[in-house]
Structure formats: structure tokens, C-alpha cells
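Report on one structure; see the data block that follows.
Laboratory data are not the source of any read-out in this text; all were calculated from the coordinates shown. Quick caveat: nothing in here was measured; it's all calculated off a predicted structure. Backbone-built Cβ (ideal geometry, glycine too); neighbour counts: all protein chains shown.
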Amino acid sequence: MGTVAFIGLGNMGAPMAQNLLSAGFKVRVFDLVFELAAQLESLGATRCESINEAVQGADTVITMLPAGQHVKTVYLGPDGILSQETKGKLLIDSSTIDPETTRMVGQKAIEQGAYFTDAPVSGGVAGAKAATLTFIVGGDEKAFNKAEQVLKHMGKNIFHAGGVGAGQMGKICNNLMLGILMSGTCEALNLGIDNGLDPKVLSNIMLQSSGRNWALELYNPCPGVMETAPASNDYKPGFMSKLMLKDLGLGLEAATKSQSSVPMGSLARNLYAFHNMNGNEELDFSSLFEFYQTQSKE
Ligand code: NAD
């Protein structure tokens, strides 16, 4: 097993890094939030004071950051990954960001002699904890094959979507659909409740009918229906509403460039923009259910 530098230890990064430790990798960690790195240190990781320190001595570097600007800083900043020798290192960015930033950073990394892949994930915090994430990987064949050897310790399904940036595009399409499906699931459940149905019974009906979908099956947005879902834990922890808004924005940006029609994605994005403006950015994205409940009562 090699040495992995893991940068970005939030809701997703921390359990992913923990799985690498469990698999026997040496893990060097860095996050702007001291406590997050200290927690990993208590589990056996080496806590580093800077990106540079984390990357030194690592053969693989994984980043799990909120958005494109963070990836730019972490890769291209004065203390960034590419500010030092990276020849022969495997660089994996698992953040969900715009494909342009990925291609720009990837090109610079490859010019320096590194192997680069974008490898955004699907599966949420539960998937990160259980090492059952789906990785959607962009990069050349050699980089993909190398990345697969590390990613398999954090995930179950690893797809090669195409060249650098293709992983992001696959992920963006998936999350456009997820945002639409979550909005629809909240809408249907709220309509049922307003008309006297028990949300548990309605959920069971729809799960055995043609309305079945991932949000309903594994991530029910109505509190109390599914004990393990963020909805039953005050919508924490999970995939924050601000991240879903970001991803829907990425979908709309991509659609503008390719002149694709995305009316449903636009509607879902507007719903999430409104929900975020009402102070729900840090809540799990299934908290959109509360938006429907509030609207119904007004
Ligand atoms: P998060 O905000 O919980 O974690 C991001 C971490 O990055 C934070 O701890 C932050 O301190 C750290 N960070 C930011 N800038 C940094 C810098 N310059 N140097 C070092 N650390 C820095 O976010 P998350 O929920 O873990 O999501 C991470 C990525 O994964 C996002 O792109 C998100 O869209 C994607 N994603 C999240 C989920 C989910 O369910 N949470 C699911 C799939 C994909």
C-alpha cells in the first residue's frame, strides 16, 4: 500500500480518508479546519500544516473540496499541489466542479508529468462511510488504471467516462437528474400529506409503483419516514443544499455551452436558489421538503 495525501476532510473527505487508513494506506491529511485534520490524526493519519507538507512523500494526492475556486487554489495557489515536483504522482480530484476548471488544472498537472484524473462521486455521506461510492472518472487509460487501484478502497462502482473532464460531465448530468427527482419527490409527498395520506404509507405505495426513485428509496425527505435519512436527523449531516444549488448551476452552465434544453433543471435550480436564500444552505438538500410544507401552510 502506498502513501496518500488527502486534502479536504469535510462530510465526504473524512470518511473516505478513514477508509484508506483501514485499507492499510499511509494517509497524510490537510484541511483549513484544524479539528477535522486532528480527528483523522487520532485515527492514525499524519496531520500536516500545509498542502505542500501533505503532498511531500505521497505517491497519490486526493482532493475533496467544495467547488472550482477551491480546487484552483489547492492546485495552483502559492502553496498548491502543482507548486512542487509532482512528476509520476497520481493526482485525483474527487470534488464536483465545472469541467473547464478540471481540464485547465488537469492539463497543467499532465504537463508537469503527473497522472491526473477527475473522479467525482455519487453515493452521499452514507456511501463514503460504507466505502460503496460510485466514482465517475475522467482521464487517460493509464491514469484511470492507476486511480482504480486506490478508488476501489473507497467505492464499489468505478466508471471510466472518457478523457479529463468527462467524469465531471457525467456527475453533473446525474445531479441535474437528482435535483429534479428530489424536487418531485418532495412535491408528491407534500401533496399526499395535504390530502390526508400518511407519508410512510404513501412512500411505500410509490416505492412499489412507477414513481419509485433513488430519493424515495434511500433518502426520503419527509422526517420520520426513514430513520437513517438526514430528514430524520434535522436534515444533518449530508449533501448540503448549497452544494446541490452549485451542481444544478454547473448543469445549466454546461447546457448553455452545448445549447441543450434543460427546462426541468432550471426549475429545480430556481427552487434550490429560493430555498438557499431562506437560510437553508447548510441543511441537507432533502430539506427542500420544508419549502413545500411552508408554502402549503401559507
Ligand atoms: P464539505 O464542505 O463538508 O467539505 C469540504 C472541505 O474542504 C471542508 O472541510 C473545507 O474546510 C475544506 N477546504 C476548503 N478549501 C480548502 C483549502 N484551500 N485547503 C484545504 N481544505 C479546504 O463538502 P463535502 O460535502 O465533503 O463535499 C465535497 C465535494 O464532494 C463537493 O464538491 C460536493 O459537491 C461533492 N459531493 C458531496 C456529496 C455529499 O453528500 N456531501 C455527495 C457527492 C459529491
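Taking other C-beta atoms within 10 Å as the exposure proxy, Glu290, Glu282 rank Glu282, Glu290 from fewest upward. In this rough spin-label picture, where each label sits 7 Å from Cα along the Cβ direction, the Glu148-Asp59 distance is 1.8 nm. Stretching Glu111 away from Asp198 to a fully extended chain increases their span by 25.5 nm, per 0.36 nm per residue minus the current alpha-carbon distance.
Oblate is the label for the range 130-177. Its Cα gyration tensor axes, ordered a ≥ b ≥ c, give a/c of at least 1.5 and b/c at or above a/b.
Of the cross-linked pairs Lys87/Lys146; Lys146/Lys246; Lys72/Lys156, those separated by over 21 Å at the C-alpha level are Lys146/Lys246; Lys72/Lys156.
Taking every alpha-carbon pair under 8 Å whose residues sit at least 6 apart, the range 169-297 reaches a relative contact order of 32 percent. Only helices enter this figure: runs of n ≥ 4 DSSP H residues, each worth -39500 (n - 2.57), summed and divided by the residues of the chain, yield -15000 deg cm²/dmol at 222 nm to the nearest 500. Across the chain, Cα pairs under 8 Å and at least six residues apart give a relative contact order of 13 percent.
Within straight-line reach of Lys142, meaning a Cα separation under 19 Å, sit the following aspartates and glutamates at least 8 residues removed in sequence or on another chain: Asp59, Asp93, Glu111, Asp118. If the segment from Asn157 to Ala23 were pulled out straight at 0.36 nm per residue, it would be longer than the present Cα-Cα gap by 46.5 nm. Here each label is just a point 7 Å from Cα along the line to Cβ, and for Lys257 and Leu191 those points are 3.5 nm apart.
Based on alpha-carbon centroids, what's the gap between the range 87-130 and the range 142-218 in Å, whole number please? Cα centroid of the range 87-130 versus Cα centroid of the range 142-218: 21 Å apart.
Using a simple spin-label model with pseudo-atoms 7 Å out from Cα toward Cβ, Gln293 and Trp214 lie 2.5 nm apart.
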